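Working notes, structure below.
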Amino acid sequence: TYTQALWIGIAQVFALIPGTSRAGSTIIGALLVGLSRKASAEFSFLLALPVMAATSGYDLLKHYKEFSGELLPLLIAGFITSFLVAWVVMKLFIKFLERFTFNSFGIYRILFGGILLYLIYTGAISPNIA
């Protein structure tokens, strides 16, 4: 419904917090308004399309002077490749969600976050990645 979509969109705002997953925010929002795991993941992927299109368009406009006609085939090949890989991964992810819960992703995020914090604390890696 439109109300569910609005609440999922509001949940997407939490992705503005550094380190917060946009997909995670929208999937959790969708689950909270009653969508199934499969529908939540599908809707989250659909929500990503305008965001990615706007970001890509902005980057192209911002850097259009740096592109030459020679780069167009590379851009097209990159677009097609990334689209196909994303489509395959999305299909596999949705099949995964039909059988399993998000618990494994939660555990992975907590463990990986803990490892990163430990590596930063010990100086093995720098928190400044910009």
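Bear in mind these aren't lab numbers, they're just calculated from the coordinates by the rules spelled out. Keep in mind that this is a model prediction, so the values were computed, not measured. Positions of Cβ are generated from backbone atoms using ideal geometry, with glycine treated the same way; all protein chains shown enter the neighbour counts.
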Sorted by chain and number, the residues with a modelled amide H under 5 Å from that of Ile125, at a separation of 5 or more or across chains, are Ile120
For region 1-33 versus region 64-130, the gap between their alpha-carbon centres in whole angstrom: 19 Å
Loop chymotrypsin sites (Phe, Trp or Tyr not before Pro), region 43-73, which have at most 12 other Cβ atoms in a 10 Å radius of their Cβ (DSSP): Phe67
In terms of the charge dipole of the chain, which places +1 on Lys and Arg and -1 on Asp and Glu at the beta carbon, the residue among Leu61, Ser126, Ser21 farthest towards the positive end is Ser21
Option label - Rg and Dmax of the Cα atoms in Å computed here, alternatives (1) 16.0, 49; (2) 18.0, 49; (3) 14.2, 38: (2)
Hey, for a label at Ser82 modelled as a point 7 Å past Cα toward Cβ, could you say which residues of region 23-49 have their backbone N under 15 Å away? 48-49
Full extension between Leu6 and Ile120 adds, at 0.36 nm per residue less the Cα distance, a length in nm of 37.3 nm
Straight distance only, please: which aspartates and glutamates reach the Cα of Lys62 with their own Cα at less than 19 Å, same-chain residues fewer than 8 apart left out? Glu70
Name the helices (complete DSSP H segments) of the chain with a Cα length along the long axis of 20 Å or more and a Kyte-Doolittle mean of at least 1.6, or state none. 72-99
Please provide three numbers in whole Å: the alpha-carbon extents of region 1-56 along the principal axes, with the largest listed first. 31, 21, 19
